């Protein structure tokens, strides 16, 4: 492999490709990932644009049209309260997207910062961070989130509080894994070399340690999106999550699930959107992992 | 006498995504009882695959053609069950890594008993007695009790002895030893090779010795097969191969290895390039791209293995006749690059500036015990009060076995902080007095090259970023960095187009060059080299060694060169320090120390190293050290070496009391030659 990659490269001397360009090229080679990325972009665009174009808004009630099957007036039918399923699904999707990504980004950031810091510096910082991790793990998260959400009874921005709380109780396992991976990377020769080059500790963590566990972080991030959406669904089902008239995919699904056999349209629209959403996120996650990891199967061709 | 093992036209092919991997192509040899044949080659040359094929241990996906007969019985095509009754009974194997070759959860005795009971009808008690007998035969002290120990209680050398005991347990016809000593220290290697010889003598078995170390081959083998890219390229008796090689690859291998018994004032001849991948071989001789003699016929047709002057000496090379007739040596065939000499070379050592000085440097690790209440139960003296100085433009070699404290010394220097006790002074500044900012600034002047070229560079970064990193850390402008990186690539002999490749697209030697370029980025004055060539293939080593010598000449660098390979040190170093259990036992000008080693440990170390010359090997008197390195947590009183010292054994009791009573200090025994031994006498061992 060495000889032919080098031979082929001699034709274009002195043209250097930056790391991000290389990653992008490798990412674009993965068809599934590109489809997933397009899917996510499309879903985000739909969430932003379509609410203004639809004949109904998600909180409008069309009295007299309760539990109607899809027709020309309501393209995807109505709910028990007479609200338009299409408008609610679009709105719910945007809520779920925002909650999912906010939670995933937050918890991955917290976990990799704390996990890597604990392992790289050791001593008292490791002890105190591990203590916080243990503390958060023994507190029953569902109960605490439910109590806080209940206490905070204004529906406005309830989703933001929910996202913060979900992230606050979702980072500990990853932080532990990041810590143990960092411990094994810490004594690698390239980390030592960077240290002896005079690189400050935060740069070593950011450039040598975190990128080398990025496979884990990306998988964690994608799984985090799914986890957050599902956790939000659970809490919303019991009335502790996103509060009416605001809505999310979770509340819609739990509402539709009860009537799924008799009025399937309320359930199926948000469920299909949820499946597509999670599949797209996962495809992007896989693609990113392969693109970032030079040891993965597409490695030799970059 | 008919051969016991006969391999005819063996081909082994694996399937892979990139195409068929033709690991072995057309290997034939005959092996008689009591004979040792060495298979020599670099990584990927097909030598290990051959041994697996003979054992029937190859993966199912491998396609094997040809014939392997054991005492007239065809082995290829036998079922796994049928092979199981042959493996361990008639063909036994000694693996490279003794640490993972034994099951950790069973005792040593149980594992030997198991091999015995599978193949021969005997009672458990009989088998146990035989196991103890075998352990005694391979030199395990107190075998009856040691048989009840678990593998983790044994050192690497001891475990390899156990492996040999298991191999000879059933009186095999053939013993295959796959790099049996590569993972071991030199003094242990010498012991294990002796044991292997003894095992062969006792069982009368034929032996296949697979190795890359030409010194081991010269001392242990009768016949040699040299493999390159899956093909045998030269076969013959050990004298044929070492004294009358006719294939340029063999000549190159023999010529490019630094020799323990030659001083290294000149550059090593270089075998350019790297071995080809066996996936997509171009037509013609696989060695042609690296061979200075190659012409068009070499590049179009692959030469067959043909007999030369003597029928047993067979060579696959169109140029063989020309080489033997004109008596070409490696100097005639392979280019010896010119190496610039340093501007400091003419300056006497005393007039040069001291760039690095260690005085009474100490690093002790406390041994702690207990979970809740932790208390110190002992001290590991990893580095114990050593003195060392490096002058500008010189190379100081630091040698010693694993556990001698070389690496700890390096890390202590590179930390640039206040040592436990003693002082480190770099370019005249004591590191203990540095502020944070000064310490960072100091890092410009001292840089490091690590051993494992794969682990030393971040696999996620393209080469440009790797080399640019130290420049960025010291806030250089973007354009300046770009220019400097391309200059550095050029300096270490890489191409500008390599800048945007990832490290795994490079061979070991090229990766080591990347590591060197990175270390040189900040224009350091001192380079600390931690075993920079020990992980490289033999034919690649010479290029890196020459590069280091050339860079030293051009840039006036000072090197602290740590290695366990004394031959490499002899070639590169101006002065050498020998470490044993955290102390320097002998230090001095390199030729002085090598020609007149005075400490018994230095003598033993040098005599343990095999020299790639069969004549020398046969006539050499070996000093074989007994036992292993003692635990650094509990070294013997007085002189730490006395437990293994061959000299100590010959002393009378009054003199022995001196050794046990006080630790010797370094004292002068010649011009620039100091030794720490109460009764040191110079001895010629080479």
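Every read-out reported here was derived from the displayed coordinates using simple, explicitly stated rules and does not represent laboratory data. Keep in mind that what you see is a predicted model, and the values were worked out from it rather than measured. Positions of Cβ are backbone-derived with ideal geometry, glycine not excepted, and every protein chain shown enters the neighbour counts.
Tabulated values for the structure
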quantity	calculated
Bridge type composition, the protein assembly as shown - antiparallel percent by DSSP, nearest 5	60 percent
Number of partner chain Cβ atoms within 10 Å, mean per residue of B:445-454	3
Chain A - mean residue ellipticity at 222 nm from DSSP helices (-39,500 (n - 2.57) per run, n ≥ 4, rounded to 500)	-22000 deg cm²/dmol
Residues in region A:163-207 reached by a label modelled at residue B:439 [backbone nitrogen below 15 Å; 7 Å Cα→Cβ]	A:195-202
Relative contact order computed over chain A (Cα-Cα under 8 Å; 6+ residues apart), in percent	27 percent
Segment residue B:202-residue B:62, length gained on full extension (0.36 nm per residue, minus Cα span)	46.9 nm
Rg ratio (alpha-carbon, reference 2.2 N^0.38 Å) - region B:50-125	1.28
Solvent-free Debye scattering, log10 I(q)/I(0), computed from the Cα coordinates of the protein assembly as shown at q = 0.05, 0.06, 0.09 Å⁻¹	-0.41, -0.58, -1.13
For region B:558-686, convex hull of alpha carbons as volume per residue, Å³	117 Å³
Full-extension gain in nm, residue B:84 to residue B:624, via 0.36 nm per residue minus C-alpha separation	190.7 nm
Span from the region B:1-71 Cα centroid across to the region A:128-188 one, whole angstrom	57 Å
Added length on full extension, which subtracts the Cα-Cα distance from 0.36 nm per residue, residue B:365 to residue B:2	124.7 nm
Chain B: antiparallel DSSP beta bridges as a percent of all, rounded to 5	60 percent
Inter-part distance where region B:324-378 and region B:93-163 are each reduced to a Cα centre, Å	38 Å
R0 of 41 Å, Cβ-Cβ distance residue B:347-residue B:683: FRET efficiency to nearest 0.05	0.80
Model label zone, residue A:201; criterion: amide N under 12 Å from point 7 Å along Cα-to-beta-carbon; scope region A:99-121	A:116-121
Tensor-based shape of chain B (alpha-carbon gyration tensor, a/c under 1.5 rounded, otherwise prolate or oblate)	oblate
GNM result for chain A, Cα springs below 10 Å: residue of A:261, A:182, A:102 fluctuating most strongly	A:261
At R0 = 30 Å, FRET efficiency that the Cβ-Cβ distance of residue B:373 and residue B:421 yields, to 0.05	0.65
Descending Cα extents along the principal axes, chain A, whole Å	74, 53, 30
Spatial extent of region A:162-302: Rg and Dmax, with the Cα atoms as the point set, Å	20.5, 69
Mean Cβ neighbour count within 10 Å, used as a protection proxy, ranking B:32-45, B:413-426, B:160-173 highest first	B:160-173, B:32-45, B:413-426
Kirkwood Rh and Cα Rg combined as Rg/Rh, region B:235-383	1.26
Residue-averaged beta-carbon neighbours from other chains (10 angstrom radius) around B:468-478	3
Relative contact order (percent, whole number), chain B, Cα cutoff 8 Å, 6+ residue spacing	13 percent
Contact order normalised by residue count of region B:77-159, Cα under 8 Å, 6+ apart, percent	36 percent
Hydrodynamic radius of region B:395-470 per Kirkwood, over alpha carbon pairs, in Å	14.7 Å
Centroid-to-centroid separation of region B:534-600 and region B:182-238 [C-alpha atoms, Å]	26 Å
Two-site FRET efficiency, residue B:149 against residue B:117, from Cβ-Cβ distance with R₀ of 25 Å, rounded to 0.05	0.80
Region B:1-97: Cα Rg divided by the 2.2 N^0.38 Å rule of thumb	1.07
Global geometry of region B:300-436, whether rounded, prolate or oblate, following the gyration tensor of its Cα atoms and the 1.5 cut on a/c	oblate
Cα-based shape type of region A:102-151, given that a ≥ b ≥ c are square roots of the gyration tensor eigenvalues and the cut on a/c is 1.5	oblate
Per-residue mean of C-beta atoms belonging to partner chains within 10 Å, peptide A:198-205	3
Residue with peak Gaussian network fluctuation, chain A [Cα springs, cutoff 10 Å], from A:20, A:158, A:180	A:20
